[in-house]
Amino acid sequence: MAEELTAHDALAAQPDAEHGIDEFMAEAAAIWSGVAAGIAFALGAAVPLLITWLAPVAIETTAIVLAVVLSLVLTSLVAARAGHLMLRRVLVRTLVVGLGTMGVSYVAGLAFF
């Protein structure tokens, strides 16, 4: 059986047999997905920066947290659609990493500044 599977294309047979992957993404598609995700995340990062400059100090922290959550959700939507990825996985990963990073940055800011 293994000889029959690998006779035509051994490299394609393993992902197909083990993971159900029968078609690979083109190299250019992967690059453009990365570029689109980078642009989306850069735009999302600009939002808290603008709030820091424009919002009153009394509501700045709350406004930044809400804006970051909204930005992460929007950038996840754009990145998932651009990369043809599962929205839920992208959204959860983005929120966990983004809010986790923001929390660590906040604690570091309190400790050092």
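The values are calculated or read from the model by the stated rules, or taken from the named source; none is laboratory data. What you see is a predicted model; the values in this text were computed from it and never measured. Please note: Cβ atoms are built from the backbone with ideal geometry, for glycine as well, and neighbour counts cover all protein chains shown. For the accessible areas, the whole protein counts, side chains as well, though only heavy atoms, and no ligand, DNA or RNA atoms are used. Shrake-Rupley method; radii C 1.70, N 1.55, O 1.52, S 1.80 Å.
When the stretch 29-52 is limited to residues that are more than 19 Å from residue 80 (Cβ to Cβ) and of a type in the set (A, V, I, L, M, F, W, C), the one that is surrounded by the most Cβ atoms within 10 Å (Cβ to Cβ) turns out to be 51.
Sort out which residues of the stretch 82-96 are among the β-branched types (Val, Ile, Thr) and more than 13 Å from residue 37 (Cβ to Cβ), and write them in order of number. Correct list: 92, 96.
Scan the stretch 53-63 and tell me whether some residue there is within 21 Å of residue 92 (Cβ to Cβ), at pLDDT 90 or above, open to solvent by 60 Å² or more (accessible area, probe 1.4 Å) and over 11 Å from the mean Cα position of the chain (by Cα).
To start, the set of residues in the stretch 53-63 that are within 21 Å of residue 92 (Cβ to Cβ) comprises none.
Checked the stretch 53-63: no residue is within 21 Å of residue 92 (Cβ to Cβ), at pLDDT 90 or above, open to solvent by 60 Å² or more (accessible area, probe 1.4 Å) and over 11 Å from the mean Cα position of the chain (by Cα).
Scanning the stretch 66-81 for residues that are open to solvent by 40 Å² or more (accessible area, probe 1.4 Å) and within 19 Å of residue 39 (Cα to Cα) yields 69, 70, 73, 74, 77, 78, 81. Look at (1) surrounded by 14 or more Cβ atoms within 10 Å (Cβ to Cβ); (2) at pLDDT below 85 and you find that residue 20 fails only one, number (1).
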